[in-house]
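Worksheet: the structure to be examined is printed underneath.
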Amino acid sequence: MANRNNAGIGRLIYDQKFRSIFFQVLVAVALIAFVAWIADNTLSNIDAQEKKKGFGFLEDTAGFQILNTLGTAITDYTPGVSTYWDVFVTGVANTLVVAFLGVIAATAIGFVMGIFRLSNNAILKGFSTVYVEVLRNVPLLLQLFFWYFFVLRAMPDARSRIQLWGEEVGINITGLYAPAPQPQEGFGWVWLALAVAVVGGILFSNYAKKLQAETGKQLPVLWTQVGLIIGLPLITYWVMGSPLEWEYPTFNETGPIFKRGFGDTGLVLIPEMIAVWLALSLYTASFIAEIVRAGIMAVPKGQSEASSALGLKPNVALRMVIIPQAMRVIVPPLTSQYLNLTKNSSLSVAIAYPDVVSVFAGTALNQVGQEIEMVFMMMMVYLTVSLSTSIFMNWFNGRIKLVER
Amino acid sequence: MKLNKTLVAAAVTATFALGANAQAGTLDDVKAKGHVQCGVSQGLPGFSNQDDDGNWTGLDVDLCRAVAAAALGDASAVKFSPLSAKERFTALSSGEIDILSRNTTWTMTRDTQLGLNFAGVNYYDGQGMMVPSSLGVTSAKELDGANICTNTGTTTELNITDYFRANDMSFQLVAFEKADEVVAAYNTGRCDVYTTDRSGLAAQRLKLENPDGHTVLPEIISKEPLGPVVRQGDDQWFNIVKWVHNAMVNAEEMGVTSANAEEMAGSDNPNIKRLLGTEGNFGESLGLSADWAMQAIKQVGNYGESYERNVGPNTPLKLARGANALWTDGGLMYAPPIR
Ligand SMILES: N[C@@H](CCC(=O)N[C@@H](CS)C(=O)NCC(=O)O)C(=O)O
């Protein structure tokens, strides 16, 4: 140490440790200066254009209508009363709901297609091959338009309907209408019963595992769980005096022309949402199918041979031996597909689905004009959703990974 | 993917281009790069539309060409950026374009809160509604309960909501990013009503499967003064765009056309001489040459010529001059004098 000090600045340059720190600090300072310069310029340019800054606009009322969806139901969106914050929440809710439904459908279709691709049945195999090759090679935006206009063209006009289930469920170009559940007082207990049933199911399966490890005795875990999860809420529901009412869709055959067709009541799935959901799940499923196929193929053949040598039936072998091992290969790339699906949902604006990009980065941005703040909020939405998905999937991955004994 | 495109592009242009001094003189920029970057629609016949050969034509396009002729002496020195309604203001404030000439309504919010300046009005319009004639509707008052299609990021979303609230009627608004999807959705019957500027209706109905099977309702529910827009904070460029438009209107009023401009430069009328640069040097105060307006009129034409060529009664849009006639003919087109 003392030596080096004596040697002075000149020697310092030859010190590798000092040099690496020096250059890192230099880069950091340059980067900070650059960002500060951009920020400063941005702020002064915003001032020069006399634009507003900050997030105060979120409290202003928004005067435009938004298509009725889950989002508008959550915020009880009313033009002229609701604020830009409500617009944001409406959009986020609409984004989340298609992303969530899309992930579920894409996973289900993807697994089925992936397993079909490995099937010995030529028809199933051919079908899934064509499915994968067509869907993953056509741009998603085109698929979105295809499904949207396909759905629209296939439907009867706004003043007619196809009755799917008597008066209760019907469909036309304005959407799919079904009874809307209206939880009454006391329905909270049913949710509570469901939560209790889920926890109970988990505890039971842990107990059953322990029992099997100790005594070799097997308990009917799956059936007990199903029974709990369905039975407990059902009994609670009955005990509480059926605290759920249904709001049925209405359909007018007569009256002024625009009052004919479906009324405002009931649950409605608008065609925009159906198309976004279809397009996102079918597209993403084609990638998931390949991931599943790769995952299953990654399990050595010896594993299934060993299972049958042990006397396991093929479906038990698949469930207990092959899939658990394949999952370790499948889950990490599956996570990226979920993230892609969520981000791709921002294409919705092209077909008028009121997702957050459409209502907030589109309509609201054009009224308010504060690009930086609003785009920042947009990015935070996707970042939060993506990070939460990643965290959940990492946790899941940790649970299923191989436990070395 | 799209997220990357829209959001990152918006974020990057917003931070970067706003960050890099976008305020610097637009005229100097334009001279240095040798062309005017003009933001237009993605295809609205009569206003800004690409023909089969890829040439842009239209009333809004002509204004950009006239600015290029005045600033650079060449009406063809224009590059076009087709923009959706939703992205147009971000494109302008980030410096991606020099002028926005895209059937854009002058409103107080846009003028005072978005950091923009409107350089004039080149088409006086109002919002209208179109319905399939087969529905037998004759008035907007009968639209209670209707499904209505429009574009996101336009004035139309607010106007239509106001109109229905004021008349205590309910409706559903289906708002698409691009105009082509609005047309397609209206074609399939997803909406009963197509609402936008009346000029826009006249243009978009040409794209329908059966243009004659639709009726534009008589109600005009808003004022839509459409005009060119520039960034706030660059007065020189603002003046150039404003005065090129004024010059085109004044030229019509004084009978100066693309065909006779050269000849009229020798006229005895001092007003005409000032316009065409043979008396005084009005170009200088704009940072342009003396023949700035001469070039614009010679190469593009006066306002009336541009109107007749693009949207007038002899075009497919068949729009009568109406409010857009010169003030001397009972219209609203009135340009301050060049003196
Ligand atoms: N004047 C209104 C509406 C402008 C607008 O975007 N109109 C649509 C419908 S006519 C349009 O230009 N579409 C053509 C396109 O998007 O390319 C505004 O400034 O907000």
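Checked against (1) within 16 Å of the ligand (Cβ to nearest atom); (2) without any contact (Cβ under 8 Å) to a residue 12 or more places away in the chain; (3) in the same structural domain as B:Asn103 (by TED's automatic domain parsing), B:Ala184 meets all criteria but (3). Go over the candidates A:Ala28, A:Ala36 one by one and state the one that is within 14 Å of another protein chain (Cβ to nearest Cβ), surrounded by fewer than 14 Cβ atoms within 10 Å (Cβ to Cβ) and not charged (D, E, K, R). Going through A:Ala28, A:Ala36 in turn, the sole match is A:Ala36. For the subset of the range B:45-61 comprising residues that are surrounded by 23 or more Cβ atoms within 10 Å (Cβ to Cβ) and outside any loop (DSSP other than H, G, I, E, B), which member is nearest to the ligand (Cβ to nearest atom)? Looking at the filtered set, the residue picked out is B:Ser48. Selection over the range A:212-260 of residues that are surrounded by fewer than 16 Cβ atoms within 10 Å (Cβ to Cβ) and among the hydrophobic types (A, V, I, L, M, F, W, C) gives a count of 12. In the range B:194-202 there is no residue that is under 18 Å from the mean Cα position of the chain (by Cα), more than 22 Å from A:Phe258 (Cβ to Cβ), near the ligand (Cβ under 9 Å from one of its atoms) and facing chain A (nearest Cβ under 9 Å).
Taking the range B:92-107 as the range and being away from the ligand (no atom under 13 Å from the Cβ) and within 14 Å of chain A (Cβ to nearest Cβ) as the test, the residues that pass are B:Ser93, B:Ser94, B:Gly95, B:Glu96. Tallying residues that are surrounded by 23 or more Cβ atoms within 10 Å (Cβ to Cβ), small (Gly, Ala, Ser) and touching an Asp or Glu at 6+ places or on another chain (Cβ under 8 Å) within the range B:161-199 yields 2. The single condition among (1) at the interface with chain A (Cβ under 10 Å from one of its Cβ atoms); (2) within 11 Å of the ligand (Cβ to nearest atom); (3) surrounded by fewer than 18 Cβ atoms within 10 Å (Cβ to Cβ) that B:Lys223 does not meet is (1). For first residues located in the range B:208-228 and small (Gly, Ala, Ser), partners that are in a loop (DSSP other than H, G, I, E, B) and lie 6+ apart or on another chain with Cβ distances below 8 Å form the pairs B:Ser222/B:Gly126; B:Ser222/B:Thr155; B:Gly227/B:Thr104; B:Gly227/B:Trp106; B:Gly227/B:Ala119; B:Gly227/B:Gly120; B:Gly227/B:Val121; B:Gly227/B:Asn122. Note on the range B:123-232: enclosed strands (runs of 3 or more DSSP E) holding 2 or more residues that are out of contact with any Lys or Arg (no Cβ under 8 Å at 6 or more places or on another chain) and farther than 30 Å from B:Ile99 by Cβ are B:127-132, B:146-151, B:171-176. Within the range B:62-82, the residues that satisfy the criterion of being open to solvent by less than 10 Å² (accessible area, probe 1.4 Å) and within 16 Å of the ligand (Cβ to nearest atom) are B:Leu63, B:Cys64. Counting only residues that are in a helix (DSSP H, G or I), crowded, with 18+ Cβ neighbours inside 10 Å and within 14 Å of chain B (Cβ to nearest Cβ), the range A:72-91 holds 5 of them.
Taking the range A:139-173, which residues are part of a loop (DSSP other than H, G, I, E, B), free of Cβ contacts under 8 Å to residues at least 12 places away in the same chain and open to solvent by less than 60 Å² (accessible area, probe 1.4 Å)? Residue satisfying the conditions is A:Gly166 alone.
Quick grid of which residues meet (1) within 16 Å of the ligand (Cβ to nearest atom); (2) under 30 Å from B:Ser84 (Cβ atoms); (3) buried (at least 19 other Cβ atoms within 10 Å of the Cβ):
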| site | (1), (2), (3) |
| --- | --- |
| A:Arg319 | no, no, no |
| A:Arg328 | no, no, no |
| A:Val331 | no, no, yes |
| A:Thr342 | no, yes, yes |
| A:Leu347 | no, yes, yes |
| A:Ala352 | yes, yes, yes |
| A:Ala364 | yes, yes, yes |
| A:Val381 | no, yes, yes |
| A:Ser386 | no, yes, no |
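Please determine whether any residue of the range A:208-220 is within 30 Å of the chain's Cα centre (by Cα), at pLDDT below 90 and farther than 30 Å from A:Ser160 by Cβ. Looking through the range A:208-220, none of the residues is within 30 Å of the chain's Cα centre (by Cα), at pLDDT below 90 and farther than 30 Å from A:Ser160 by Cβ. None of B:Pro313, B:Pro270 is surrounded by fewer than 17 Cβ atoms within 10 Å (Cβ to Cβ) and over 29 Å from B:Arg198 (Cα atoms) except B:Pro270. Scanning the range A:236-295 for residues that are out of contact with any helix residue (DSSP H, G or I) (no Cβ under 6 Å at 6 or more places or on another chain) and of a type in the set (Lys, Arg) turns up A:Lys259, A:Arg260. For the range B:109-122, taking the residues that are open to solvent by 10 Å² or more (accessible area, probe 1.4 Å) and within 12 Å of chain A (Cβ to nearest Cβ), the one that is modelled with the highest pLDDT is identified as B:Asn117.
The values are calculated or read from the model by the stated rules, or taken from the named source; none is laboratory data. This is a predicted model, so every value here is computed, not measured. Please note: Cβ atoms are built from the backbone with ideal geometry, for glycine as well, and neighbour counts cover all protein chains shown. SASA here: full protein model, heavy atoms, side chains in, ligands and nucleic acids out. Shrake-Rupley method; radii C 1.70, N 1.55, O 1.52, S 1.80 Å.
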